[in-house]
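Q: Supplied in structure tokens, the structure appears directly below.
The values are calculated or read from the model by the stated rules, or taken from the named source; none is laboratory data. None of these values were measured; they are calculated from a predicted model. Here the Cβ positions follow ideal geometry from the backbone for every residue, glycine too, while neighbour counts run over all protein chains shown. Heavy atoms of the whole protein, side chains included, go into the accessibility calculation; ligands, DNA and RNA do not. Shrake-Rupley method; radii C 1.70, N 1.55, O 1.52, S 1.80 Å.
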Amino acid sequence: MLTIYLIILTGFVIWTIINSFFMPSLKMSNIQGDKDGLVSILIPLRNEEKNVVALIKSLEKLTFSDLEILLLDDHSTDNTLEMLKTLTNDDKRFSIIQGNELPDGWTGKVYACHQLSLQAKGTYLLFIDADLRLAPGAVQSTLALMKKRKAAMVTGFPSFPVKLWLEKLLVPLQHFVVHFHLPLAPANWTTLPSFTAAHGAFMMVRNETYQTIGGHEGIYNTLLDDVDLTRTFKKHGHRAILANVTNYTKCYMYHSNQEVWNGFTKNLFPGLGRSRFLVWILFCFYGFFYVTPLFLLFYGVFDVVNGSLQLELFVPYLLVVLQKAWVDYRTKQGIALSFFMPLSALAFMILLIHSMRIGLKRKGYVWKGRTYS
């Protein structure tokens, strides 16, 4: 039984390594404006005063020559709007929009992105979150990949500098899930909607195509705007590329463990199509393959203390660490986090059940001061 278990875990490692090579990386590009068209960077902000200074500094350093940057204040109750006005006053690339009241049925971020898209003049739209930081060459590098792959969209999971303990366990796991569970060849070389992943913090689209498929208005009530928008592109026959963008982007997603908890609670059950079956499959899968190795490790250490050495008890833990370490290496995360993979899996399992419980009881998911059913 243990031999079969080890063979399966070894297969997981091999699959993850092979699969990762079907995710293209952003590369340095000399593309500039004019013939390549205006790029509109669109950023919704709601109570983002902790991010505003670093965000604006990051945007000011962008080297693409033909940019407009639209910032929408979504009824912030902190100093977000005042800070935006002060910090962007001397740069004509920036425009500030004050958001309208949220219509019934819409989710907040989707409506903010929709309003931004109505004001944008760019040939390309780059939707980013306020907690994202762009490297100076990020725009042209993304544009170059989009042109090379003849794609209508490029999206990707940023690198995640993590400090909070729950953040360290869960946030980098996003990269692991994509590299392990999503077959990246059909995701990036076909338009099949079933093979889709996206990250809403970084999404570049062709404006004309975006308008043709209905934009954010077509997904007005979703909590998973990134995935649903990408699937809409694919349903209309347009290619969407999931890229490794970690060389050019950093995302500071959360400022407290409570935010981490709420963020994952909001996304997990809806992200699985509110399927109880899938929740329990994943719960059992991660428990058996990614938490069990920790218990085998403890059992092996106990045997050593009692004068017996069974090396095979240590191998499952080493294999899950190796699998996670490969993904962390590829995505610019700290390799040391891979040693906590069993704890990451356990935290993921707990949140799966919690997210499902909230969804089934119709309590509503809380995010940015709003509650969504």
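Q: Contact list please: Cβ distance under 7 Å, first residue in the range 36-55 and at positive phi, second residue of a type in the set (V, I, T) and not in a helix (DSSP H, G or I), pairs at least six apart or on different chains.
A: Going by the 7 Å Cβ cut-off, the qualifying pairs are G37/T123; N47/T77.
Q: Residues that are open to solvent by less than 10 Å² (accessible area, probe 1.4 Å) and either modelled with pLDDT of 95 or more or out of contact with any helix residue (DSSP H, G or I) (no Cβ under 9 Å at 6 or more places or on another chain) (or both): find the helices (runs of 4 or more DSSP H) completely inside the range 183-278 holding 3 or more of those.
A: Result: 184-189, 225-235.
Q: Right, here's the next one. If we keep just the residues of the range 26-37 that are surrounded by fewer than 18 Cβ atoms within 10 Å (Cβ to Cβ) and touching a Phe, Trp or Tyr at 6+ places or on another chain (Cβ under 9 Å), which is modelled with the highest pLDDT?
A: Looking at the filtered set, the residue picked out is G37.
Q: Return the residue satisfying two criteria in turn: it lies in the range 74-92 and is in contact (Cβ under 8 Å) with a residue 24 or more places away in the chain and among the polar types (S, T, N, Q), and of such residues it is farthest from Y111 (Cα to Cα).
A: T88
Q: While we're looking at this one, here's another question. Restricting attention to the range 304-324, which residues are without any contact (Cβ under 8 Å) to a residue 40 or more places away in the chain, in a helix (DSSP H, G or I) and open to solvent by 20 Å² or more (accessible area, probe 1.4 Å)?
A: Scanning the range 304-324 gives V304, V305, L311, Y317, L318.
Q: Does V291 satisfy the condition of being in contact (Cβ under 8 Å) with a residue 24 or more places away in the chain, over 30 Å from T249 (Cβ atoms) and buried (at least 18 other Cβ atoms within 10 Å of the Cβ)?
A: Spelling it out, V291 is indeed in contact (Cβ under 8 Å) with a residue 24 or more places away in the chain, over 30 Å from T249 (Cβ atoms) and buried (at least 18 other Cβ atoms within 10 Å of the Cβ).
Q: On to the next question. If we scan the range 50-61, do we find a residue that is surrounded by 14 or more Cβ atoms within 10 Å (Cβ to Cβ) and in a loop (DSSP other than H, G, I, E, B)?
A: Looking for residues that are surrounded by 14 or more Cβ atoms within 10 Å (Cβ to Cβ) and in a loop (DSSP other than H, G, I, E, B), one finds none in the range 50-61, hence no.
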